[in-house]
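Below is one structure, written out as C-alpha cells; the observations come after it.
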Amino acid sequence: MRPTFSAIVCLIAIASSGSALGVDGAKPNLKSEIAACRKAGIALSGKDLETQHPATNRNAAVLYKQWSDLKKSKRFSATDYDSLQKLTNFKFKDGAVREGLQVVAANKDVIALIHKVTSLPECNFAKDWSMGPAVLFPELSEMRSMARWLIGECGALARAGKPKEAVHIIGNVFVLDHHARNIKMTLNFIVASAIDSMAMSNLQKLASQFHDRPDVLNAISSLLLQAPKISESDLFQSQIADTMMMAELMRLSEKQQRESLGITADPKVPVQAIAIMQSLVTDVDDITPQDLAIAQQKLGKIKSPSDIKALHIPVVLPVISAQPPRSDAKRYSQWVDDNVAFALQVLRPIILARSKGHAALQAAMYDSALVTMNSVKNDFLKTGGSIKPSITSLASLSVNIIASELRRQRVGYSNASRGLLSATVDLFQYKHQTDNLLDLVLA
C-alpha cells in the first residue's frame, strides 16, 4: 500500500471525467472483445506467441535440461558468480581475480555445454498451454546463469591475450538473448533485455580495454551489426496474452490458486488473486521522490483530462483487490468475465499502437488509463466511497505494467547504449587511423 501514489491517482481520477464503463460507454462483452482482438490479429495466448517448433537436432531447448542437471551437480555458489563477473573489470589485476580464473579453468565441461547450447540458434520449449497460469519458465533463469558464465569466460580470454575470441563469446551471449525470445511474452523480453544489457556492457569494457587494437574494434563493430535488437513493439506484443493468463488464474479454485502460487493454506485468509498478482508483477518503485514532487506540481495545472497526457504525469492506477465471495460462484464468474472484457477493451488500443512508435504508444496508454480511471471514479462514487469488487482491477493492473515499462524506457536505453558503443568504437578506430597517418607524416 503506497498512500502517496494512491493520493496522486485519486486526484487525477477526480479531475478526469467521462464514461463510467467501457470506451464507448457500454459495459463490454467478453465474447465481443475476444472476437475484436482476433480480428485485429492480437495474440490471446502464449501458444499464439510461440516460435515454430524446430527439429530436435536443431532445438537448443533439449540441452537446457542437461545444463540444469549439470549445474545442480556442481553446486555453484553466489561467490562463484561474483568471481566470474569481476573478470571483465579490467581495473583489477590478474592477481585480484585469481578466484574467477580458477572457476573458469575448473569448469571447462560447464562452458563446453553452454557453447553447445549457443551453437543452436533455434529454441522452443514446447509449453503445455493447457496448464494455464501453472505454465512455468525455469529456462529464463538458466539463460541468465549461462550468460554470467560466458561473461566470465570472456574476461578470462581477454586476460589471456585473446580479446578477439572474447568478443566472439559475447556473440554467444546474444544467442541466449535470442533464445529468451522463443516465446514472445513480456517476461521473456524483459529477461532478453537484461541479457542484452550484460552483453553490451561487457562489449563496452572490451572496447575500452583494447581501444588500440583495430582487429578487436572491427570484431566488435561486426558483432553489433549482427546482434538482435529489442523493440517496444515486441515488448508489448504479449500484454493481452499475459492478461488472459492472469484471468485464468482468477478462474481457478482457491486450492488451485494456492498450489499455482505456492501459498500456504490458511482458512482465515482467503486468496485475493488480484492482490497477489499485483505483488508479483508490478513495481512502481521506479517512480522517484523527485518524480512524485513533479507530478504533484503538475496536478495543480490540470484543467482537463487531456492535460494528464500532455504533462506526462506518471500513471499508477489504483488496483482494487476486493472480489465477490467464492461461495457465490455465478457472481464471481461474472466478475472475472467483466474484468477480462474491460481489460481487453482498454488494452486493445495500446497494443494496436505499439508499431507506431514510442509517442503513439505512450499516448494510447494515457488514453486507456483515463478510461480506466473514469470507471474507478464512478464505481467509487456509486458505492459512497466504499471499496467494492470492480471490473477495472485487471485493466488497472495491466495498464500499470505497461506504464512502468514506458517510464523505464528499457528499449530506448538499450538502443541508446548500442548507438553509444558503436560511436565509441568508430572514434577509437578513427583515432588509430589518424595516429598512423601522423606517424607517416612525421617519418
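What separates the Cα centres of segment 152-178 and segment 220-245 is a distance of 23 Å.
Net charge dipole, segment 102-250: roughly 500 debye, given to the nearest 20, about the Cα centre with Cβ charges of +1 for Lys and Arg and -1 for Asp and Glu. Between the alpha-carbon centres of segment 106-147 and segment 341-368 there is a gap of 32 Å. The gain in end-to-end length when the LYS431 to PHE92 segment is fully stretched comes to 119.4 nm, 0.36 nm per residue minus the alpha carbon separation. Listed values for segment 114-121 are Karplus-derived 3J(HN,Hα) couplings in whole Hz (6.51 cos²θ - 1.76 cosθ + 1.60, θ = phi - 60°), namely 5, 4, 5, 4, 7, 7, 10, x, and x replaces Gly and Pro. Subtracting the Cα-Cα distance of SER355 and SER141 from their residue separation scaled by 0.36 nm leaves 74.2 nm.
Rounded to the nearest 0.05, the FRET efficiency derived from the C-beta distance between ASP128 and GLN226 at R0 = 30 Å is 0.35. A full extension of the chain between ALA416 and LYS72 corresponds to an added length of 120.1 nm, given 0.36 nm per residue minus the alpha carbon distance.
FYI, it's all coordinate maths here, none of it is from the lab. Just so we're clear, the structure is a prediction, and the values are computed from it rather than from any experiment. So basically every Cβ, Gly included, is an ideal-geometry build from the backbone, and we count neighbours across all protein chains shown.
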